[in-house]
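Contents: one structure, followed by commentary.
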Amino acid sequence: MVVKYRGIGIEEEEAFTIWKMKFVLGIHPNALAYSMTTLGAGMMNSIFNFYYVKLFLNQYKISEVAFHQAQVVFMIWNAINDPLFGYIQDNSKVPCCSRRQFSILYGAPLYGLAFLLPWFPWKHYEEGDWLNGLHLIVALCAFDGLLTFVLLAQCALFAEISTRHESRLQLIKYNQVATLVGSTSILFCGLISDNMENFAYFQIFTVLVAALATACMCYTGIYSTSQCEQRETPVENTSLENNDKALSWSSVISLTKQIMTQKNFIFFVTMNFFQVFHLAFCNNFMMIFADNLIPKDVLSSFIRSIMYGAGFICPQCLVLLSHTLLKKFGYYRIILFSFYLEGIAAAVMFVLGPEHYYLLAIYLTTNMVIVQASFSLFNLPLADIVDADLIKHKRRSPLSSMVFGTNALFTKPAQSLAPMLVVTILNQFGYENLNNKFSQPDPSLFLGLHDAMFYLICLVPLCIAVIQILTWTPFSIQNSHMTAIH
């Protein structure tokens with residue numbers, strides 16, 4: 001298989017600038033350019049996910065029915081847009097779709113505008129107004145659609161920047177720093193807008209964030225480079241026929257089938273589905289479990305805030321610190337070790353019981369950190385799957401976007417499935433009546449609820465760890481960190 005590479009015609013002045021960044025300042029320019037999209041997306045995604053529910057429920061007064069309708073539409077769109085955009089980016093003849101850098105460059109301004117959609121009401125909403133339901137549907141679908149379009153191109157770029165394991169680890173390292181910095185937008189937004197109490201300041205801040213994030217992502221589109229030569233546009237007299245063929249449903253099915261018949265892809269997607277489930281389980285319920293299982297007089301509000309914050313900040317730090325271990329042992333062994341660690345920790349906590357409050361707090365935080373940190377490495381096996389698909393089917397260019405998109409098609413439903421199942425179980429033990437101001441539930445019900453919560457935080461991670469060990473162990477690309485491909 002002969003892999004073509006882009007010739008990089010760089011003027012002497014530009015070459016000197018890159019040399020200075022890399023060797024004098026210690027900055028790798030391509031990794032920096034790649035991570036700027038992560039920084040921009042991180043700033044917007046954190047604010048969007050943290051504030052939009054509170055905004056529509058408390059300020060726009062959206063009805064429960066309209067809110068759930070919007071979430072159902074969003075769940076469907078969230079599942080199908082990844083493979084849809086993946087196929088378009090891998091097979092389109094339009095440069096803004098086929099070129100990863102152009103997809104980011106031209107998608108970034110639209111992504112920024114979509115981010116602003118929720119924060120500016122279409123009218124003065126009254127309680128039960130149907131328009132705020134439509135507003136939420138448009139905001140969610142537009143934001144997620146542009147997020148997918150831009151970040152899918154970035155994921156594909158990850159696989160195409162280099163086939164060397166060490167270079168990909170460098171991208172992971174820069175990416176984690178960008179994620180860490182981007183997540184601080186929540187802190188500054190809360191300080192400036194008084195946690196959205198001053199809505200005018202909040203709107204101004206979101207506009208500034210959108211502008212800064214767009215600039216960051218445009219930097220990626222302009223300055224990032226890829227080894228893999230992009231597809232050439234076909235000659236005009238055959239372009240129409242080729243486009244019809246390329247964009248046919250039969251072609252979509254054929255390419256998807258080729259991807260899905262790879263055993264490594266099946267093993268990875270199965271393992272990843274449970275990882276997404278576990279991650280949603282931790283993110284959505286860590287605070288609920290801690291507040292109910294750990295008494296207020298044991299852990300103060302300040303300590304709880306530190307514990308919750310550590311669950312989001314420490315994973316990025318852990319990945320950065322494990323850079324040397326990743327180069328030495330490879331992602332396969334690190335991920336497998338994390339599954340064993342999660343399972344053992346869950347089993348030990350289950351044996352000790354819920355009365356050891358400090359150990360329970362440490363367990364909840366550590367479990368969340370390990371799950372998020374290992375999830376941050378999953379671009380590495382996906383990139384190797386892209387490489388294997390390229391060689392196996394002798395493709396002219398890799399189907400990076402389709403591989404990442406097909407993976408998302410099967411794993412994203414776990415984001416909705418986790419909270420649905422957990423809430424259903426908790427409600428069987430009276431959780432829905434826990435904060436009911438108009439009735440006093442039987443205190444004995446709390447004992448059953450607390451037992452159910454403790455069993456969930458121990459047995460769910462334990463069962464998931466066992467399944468992941470069984471599905472990840474047969475994954476055959478285990479030593480890519482030892483193979484230098486040029």
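The values are calculated or read from the model by the stated rules, or taken from the named source; none is laboratory data. As the structure is a prediction and not an experimental result, all values here were calculated from the model. Glycine also receives a Cβ, built like all others from the backbone with ideal geometry; neighbour counts cover every protein chain displayed. Side chains are part of the model used for accessible areas, which takes the heavy atoms of the whole protein and leaves out ligands, DNA and RNA. Shrake-Rupley method; radii C 1.70, N 1.55, O 1.52, S 1.80 Å.
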One finds, for N479 and I344 with R0 = 22 angstrom and r their Cβ-Cβ distance, a FRET efficiency to the nearest 0.05 of 0.30
Applied in sequence order to the range 369-381, the curve 6.51 cos²θ - 1.76 cosθ + 1.60 (Karplus, θ = phi - 60°) yields integer Hz couplings, x standing for Gly and Pro, of 5, 5, 4, 5, 5, 5, 4, 5, 8, 6, 5, 5, x
Sorting K327, K394 on solvent-accessible surface, 1.4 Å probe, most exposed first, gives K394, K327
The relative contact order of the range 258-481, taking Cα pairs under 8 Å that sit 6 or more residues apart, comes to a percentage of 44 percent
For the pair L212 and K392, the simple spin-label estimate (label points 7 Å beyond Cα toward Cβ) gives in nm 4.4 nm
note: the range 25-227, Cα-Cα separations exceeding 26 Å make up a percent value of 37 percent
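Working from the alpha-carbon coordinates of the range 321-407, get Rg over Rh, Rh being the Kirkwood radius. Don't jump to the answer; show the numbers that get you there.
On the way: Rg = 17.9 Å, Rh = 15.4 Å.
Ratio of gyration radius to Kirkwood radius for the range 321-407: 1.16.
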Once N264 and K327 are pulled to full extension, the length gained, defined as 0.36 nm per residue separation minus their Cα-Cα distance, is 20.5 nm
With T = 4 °C, eta = 1.567 mPa s and Kirkwood Rh from C-alpha pairs, the Stokes-Einstein D of the range 258-481 in µm²/s is about 68 µm²/s
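Which peptide among 183-194, 213-224 comes first, and what is the full order, when sorted by highest mean count of other Cβ atoms within 10 Å?
Working: 183-194: 15.7, 213-224: 21.1.
Going from most to least packed, we get 213-224, 183-194.
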Sequence order, the range 313-318: Karplus ³J(HN,Hα) from phi using 6.51 cos²θ - 1.76 cosθ + 1.60, θ = phi - 60°, Hz rounded, Gly and Pro as x, gives 8, 4, x, 5, 5, 5
Ignoring ligands and nucleic acids, F267 exposes an accessible area, probe 1.4 Å, in Å² to the nearest 10, of 60 Å²
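Assigning unit charges at the beta carbon (Lys, Arg +1; Asp, Glu -1) and nothing else, what dipole magnitude in debye, to the nearest 20, does the range 258-481 show about its Cα centre?
It works out to roughly 1000 debye.
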